Amino acid sequence: MDKTDNGTPEDLRPKQRRRSQNLNTRKGRLSTEVRKREKEKPQKAQQKEDKSSKELQLNNLVVLRVGEEKVNVDKETLIVSSEYFKALFSGHFSDSDAKELDLTKDVEKIEDLRILLDFISNGKVEITKHNLSQVLKVSSFFLVDSLTEKCAKFMSETTSLETCVQHYLIASNYALPKHYTRKFQSLLETRFHDYIIYEEDVASYLNDEELKQLMLSGIMKHCSKESLFNFLLKWLSKSPELTDKQFTLVADIIQYFEQCKTAQTVPFQCEKKKTIANINRMAVALRKSCEPEMLQKFRLLFNNFLRSKEHVFEHLDKHTSVGIFTFSKRTCINRASTKDRNDPSCRFLVSPKRCQELLVGPNETCDLCVYQPDSRVWFHIATFGEDKYFEQVDGRPYQPTTQMRQQHAANIFCDIVVTGEEMMFRDISNKCRLVRYNFKSKRWTNFNIKDIIVAAENMTHFQFEYGRNGVLYLITRNTRQFASHLIEFRGYTFDLTGLALQPIFSTEGILERRGESFKEWSHMTVKRSSVSNELIILFTKGVGENLAILVDLGPLENGGKAKSYTLLHKESLDTTKCEELMFVDVDILETDDRFLIVSSANRVLTIKYQYKFHSKVLEFVENGPQYHLSPKCDRHGEKANRSTFRDSYWEMDEEYGFGSHNRKIKFSTFGEPDIEFHTPPPFVDTVSVCVAEVNKNIFSDLEPVKQYL
């Protein structure tokens, strides 16, 4: 048998070849099977994993039931979104591992729960005034803070005089964030006493507990007797019969109101007669449904409280009274300007129809009002359009384009001074042209101060001061230009009737410090004492110069000449820092024996200096008492105006664009300031405030404001 080169017999080669081929075939098949198995292995693992995942998901599912309706929800989704379910499923409660939870006692309808679950799943929800209460109820109960916040924003954006009572009650019941609750409460505190109580539907939907809650919240504290009791009568009329519970609640409100020091006292008998007539009509309507004993108690309760009392002005000084005068723009919506009141995106405080009725004509409406602190009543002086105001300021007919009108409507700025029976307006854009309005004659006039002051070209500042004796003083700051600049202050008595000046003093020239042009700003403040007959002048300049001048007006009473003294002439250390300039943003208050110089820098009232009458010495006050004023924020429609009178500030603080607070801040050299809250002003967009002592007879000629905006 022949052999091949490798030693294999030649006859065996076909068999070996076949065997090798079979082996390779089996190896190929095995390799294919292995590959197939390897390929099927992850698929089976995935199927096993999917099966485990499905089993896990089934284990994580929980059934929520409301009545007979059911819905399946993933536990993890609930835990992530709701603090309620997070505590329930992660704790050791009996329901922690339950496959089904019965929420029938906590949720009224399955639709409310589905709204909550849809929000948890995709973050979308449509909140309306119809479902607001239900959505807020489930979001608050299940502690879904994001949905509660969304409800709070919806309420804030839809707040109006028609909805503020409901929103306030809802916010209080569900403990919404304080900045939302405070907004609704501010609107009620500042508006409930006037416009809201005239709304017919406000009293109709309040139940006993809600009315009691409104009483305890203190929002009735600025009401008048007539308005509050008419409101209570409307509330009682919604019930078919007068129950003991209702009678007790009304009696509690009356008792609270009798003890409330901030309540209004409207000094007009016609209002009382009208209210008593309403009470009698109410008694007749209740006669058929109430027991005679209850009806008698009802009549006695109201009639005793409205029994005739002594006239409020009998307690005042024989001839004079304090008046807080305001010049306001009438605004009906939450924004400062009415130019876009037809824009549907604007939020109206009143209905659009009512807004159109109040804002007559193409121009913005302005109002003059006065507040009498003893009666706590606002009186209306006059209403006029912005065209009338700018016509007087500019001295020519007012015919602006639409663009000009919009600019003017947002930029009416002026100072006001009350002098007896007149108000004087000094416009910021044209300070030398003064506009006058007479209360009794209702006439407008104007004049230019430069036409009646000699050497007016040297006058750089002027300020009016109205004396307690009825004398109007004009104080000017003049510059004499010689080899060096000298400044002096001059004083006049000013006769408004004849527009005549009578010089009463002139200070010695003081060398004026000169600086860079961009620092050449200056400010002057003047105050005359009603006790010592002394007048103090504070002057500051941007280059760091500060002056305090005292003028003794006493000798004028005996035919002599007024005497002036320089109390302070000082320069700040660093002229680049305005906070070191002592007489920037300062006011002068008067107590029984001294002047208090109060700084209002950074919206903090702080006593910086004091001057004891007749001492001729200005003293620095260390660590003087402070009071934080409300922050001014024009960007959000919030602002504050204030005026000084004797030892007090009167501050009108606008809040949220629809409510204002009226505060009296009384200062002394020791202790904290005394704060009194008074009836809010009728029109919130206050341009300027002035406090003055006037004849009390002016109030008897004016009508009290009843329906505010």
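A few remarks follow.
- J(HN,Hα) series, the range 545-554, from Karplus relation 6.51 cos²θ - 1.76 cosθ + 1.60, nearest Hz, glycine and proline x: 8, 10, 10, 10, 10, 10, 10, 8, 8, x
- Between SER133 and ILE452, the modelled label-to-label distance comes to 6.3 nm, taking each label 7 Å out from Cα in the direction of the beta carbon.
- Each label point was placed 7 Å from the Cα along the Cα-to-Cβ direction; for ASN602 and PHE247 their separation is 6.0 nm.
- Ranked list, fewest to most other Cβ atoms within 10 Å of each Cβ, for PHE670, PHE613, PHE505: PHE670, PHE613, PHE505
- Ranked list, fewest to most other Cβ atoms within 10 Å of each Cβ, for PHE683, PHE677: PHE677, PHE683
- Cross-linked pairs LYS261/LYS696; LYS450/LYS563; LYS527/LYS563; LYS570/LYS608: Cα-Cα separations exceed 20 Å for LYS261/LYS696; LYS450/LYS563.
- Amide H contacts for LEU568 (H built 1.01 Å from N in the peptide plane; partners 5 or more residues away or on another chain; cut-off under 5 Å): ALA548.
- Residue exposure sequence - ILE219, ILE675 - by fewest surrounding Cβ within 10 Å: ILE675, ILE219
- Cross-link pairs beyond the 30 Å C-alpha cut-off, checked among LYS225/LYS297; LYS75/LYS105; LYS86/LYS212; LYS124/LYS221; LYS75/LYS109: LYS86/LYS212; LYS124/LYS221
- Extension gain for THR158-LYS616 works out to 159.0 nm (0.36 nm per residue, less the C-alpha to C-alpha distance).
Values in this text are rule-based calculations from the coordinates and carry no lab data. In this text, all values refer to a predicted model and were calculated from it rather than measured experimentally. A quick note on method: Cβ atoms are made from the backbone with ideal geometry, for glycine too, and the neighbour counts reach across all protein chains shown.
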